[in-house]
Amino acid sequence: DARLRRHTQAAAHELAALQNRSLNRIGPDCRAEAIRADEVQKGDRILLAAGERAVVDLKITQGTSGIDESMVSGESLPRTIRSGETLYAGSLNLDHPLTGEALGPASDSLLSQIADMLEAGEQKRARYRQIADKAVSLYVPFVHTTAALAFVAWLLMGASVHQAVLIAVSTLIISCPCALALAAPVAQVVASGTLFKKGIYLRSGDALERFAEIDHLVLDKTGTLTLGTPRLVSAHGAEIQLAARLARARRHPLSRAIVETVGPGAIADDVREHPGLGVEGCVNGESYRLGSAEWVGVHAPASRTGPSLWFVGPDMDPVLFEFEDQLQSDARETLAVLKQRGLSLEILSGDREEAVSKIADILMIETWLAQVSPTGKADRLETLRASGKKVMMVGDGLNDAGALALAHASLAPGGAMDVSQSASDAVYSGGLDALRTVLSVSKRTKTVMLQNFGLAAAYNCIAVPIAVTGHVTPLIAAIAMSASSLIVTLNALRIKGVRT
């Protein structure tokens, strides 16, 4: 229990480490100097190199580049940012250097807001009293009071001090709250081991009790319901081999999907990247382009909503490559089972509306929200909590961290950011079937805990009167007390046989 409790502050510490990275500030002499994030002031000019992650919110003043905002918004595909637009802390600059004006110090950034939500969530969970804490707070005074009253009562009835002491000691031993103290921890240990064997790492001991109370499930989309990696879904002939020669020179996820389909091979000559547009290069002395419809000179149908790339070259018709994010293989089955168990479901995503709507339709989830900010997710969870819902949040991005911490209970996949894993109650590997496992094991664990408390209470109702009336010796009392502890331990082992 102590080991699990030590993890509760990890999320805030890891996010603080992310905020404390250094960055480059451009001085009045136009020279860049490295400073700590907490030294940034509003209006400072900041240089963000390619491959660098922003740690303060910026208004871009110079440069054009592709940025990855998956940590911030949950949007699975990079977007192009230009002068005059806002770049939020946590975004990754992919292609070219950017210069921006700090919109405020690091303490006012989006990362700082998420850190505040993490702290609020951890404080809220710290106030949650476990069943064992409640029971022990009532039972321990009862044990000592009963033994003291037995000693006094036997003295008043004329017994010797020696006899009264033996009866009081026997009462104290036989009513020792060992079984009560073991009732919850031994069940937690068995449940933690059972979950670990199924690829689920439990981070919080009292989470099992909170998981058992869940009646509403909130899911992020990208990286949770889907794999977060686009897959080529349109069929193509020999032209895909030419397109792959340009795609191999890019880091863009859509280009990576083409390369994954075709495999390794040659790269085009004289490859030139155009930020936010695409890539062009030469194959056998002829020029080809792979990128957006506008850039390659194609009029794209207005009905198209999914991600796509166009490929054009001499003496060929434009070729359309269409992509889609892959749904987790067990998503349909798992969510259908959870619905049958009485849970209400909801998708809360920072991704595009059309992408979220498509996934919601496939999974038959009626309630969903798209393009939700990190603070918007936290606000939605507070609204659900105020309405009486016991919410479990499942998410993987930095934009989910605040909601994970504020939820009644939370889960993060093994591929999630470290901050999100630390903010959650459990981390799972594999597919969404882990949700069923966690909820089933937690319900059985809570049942076993209550049974253990019942067994401990029944034992004391029988054993204490026998000890108080002087019918047992301290040795018999010790044996009886040990037997009660063995009973609750053996009962806890039944958790291993839970069906998910």
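The values are calculated or read from the model by the stated rules, or taken from the named source; none is laboratory data. Everything numeric in this text was worked out from a predicted model, so none of it was measured. Cβ placement follows ideal geometry from the backbone for every residue including glycine, while neighbour counts extend to all protein chains displayed. With ligands, DNA and RNA removed, areas are computed over all heavy atoms of the protein, side chains included. Shrake-Rupley method; radii C 1.70, N 1.55, O 1.52, S 1.80 Å.
With a simple spin-label model that places each label point 7 Å from the Cα along the Cα-to-Cβ direction, the separation between V189 and Q451 comes to 1.8 nm.
Placing R0 at 56 angstrom, the Cβ-Cβ distance between I476 and S107 gives a FRET efficiency of 0.30 after rounding to 0.05.
Counted over all Cα-Cα pairs of region 343-438, pairs farther apart than 23 Å make up 20 percent.
Electrostatic bookkeeping for K59 treats Lys and Arg as +1 and Asp and Glu as -1; over the other residues with beta carbon under 13 Å from its beta carbon, the sum is -1.
Applying 1/(1 + (r/R0)^6) with R0 = 45 Å to the Cβ-Cβ distance of H162 and R341, what FRET efficiency is obtained, to the nearest 0.05? Could the numbers behind the result be given before it?
Working: r = 60 Å, r/R0 = 1.33.
The formula returns an efficiency of 0.15 here.
Ranking F311, F142 by solvent-accessible area of protein heavy atoms (1.4 Å probe, all protein chains present), from largest to smallest, gives F142, F311.
Please give the length that would be gained between R31 and L149 if that part of the chain were fully extended, namely 0.36 nm times their separation in residues minus their C-alpha to C-alpha distance (nm, one decimal). Kindly include the intermediate steps, with their values, before the conclusion.
On the way: separation 118, 0.36 × 118 = 42.48 nm, distance 8.13 nm.
That pair, R31 and L149, stretches by 34.3 nm at full extension.
Exceedance of the 27 Å cut-off in Cα-Cα distance is limited, within the set K198/K221; K198/K446; K197/K377; K339/K443, to K197/K377. Put a dot 7 Å past the Cα of F142, heading toward its Cβ, do the same for T80, and the two dots end up 7.2 nm apart. In plain terms, the bigger the Kirkwood radius, the slower the diffusion; for region 426-483, with that radius from Cα pairs, at 10 °C and 1.306 mPa s, Stokes-Einstein puts D at 110 µm²/s.
Can you show me the helix-derived [θ] at 222 nm for the chain, built from DSSP H runs with n ≥ 4 at -39,500 (n - 2.57) apiece and divided by the number of residues, rounded to the nearest 500. Can you show the working numbers first?
Working: 17 runs with 223 residues, N = 500.
Value at 222 nm, helices only, nearest 500: -14000 deg cm²/dmol.
For a label point 7 angstrom out from the Cα of R499 toward its Cβ, which stretches of region 209-227 have the backbone nitrogen within less than 18 Å? None, by backbone N distance to the label point. With K and R counted +1 and D and E -1, the other residues having a Cβ less than 11 Å from that of L219 yield a net charge of -3. Selection among I462, G104, V488 by position relative to the dipole of the chain gives I462 as farthest towards the positive end (Cβ unit charges, Cα centre). The alpha carbons of the chain give a radius of gyration and a Dmax of 30.3, 115 Å, in that order. In the context of the full set of protein chains, the chain has a per residue accessible area of 45 Å² (1.4 Å probe). Net charge dipole, the chain: roughly 2340 debye, given to the nearest 20, about the Cα centre with Cβ charges of +1 for Lys and Arg and -1 for Asp and Glu.
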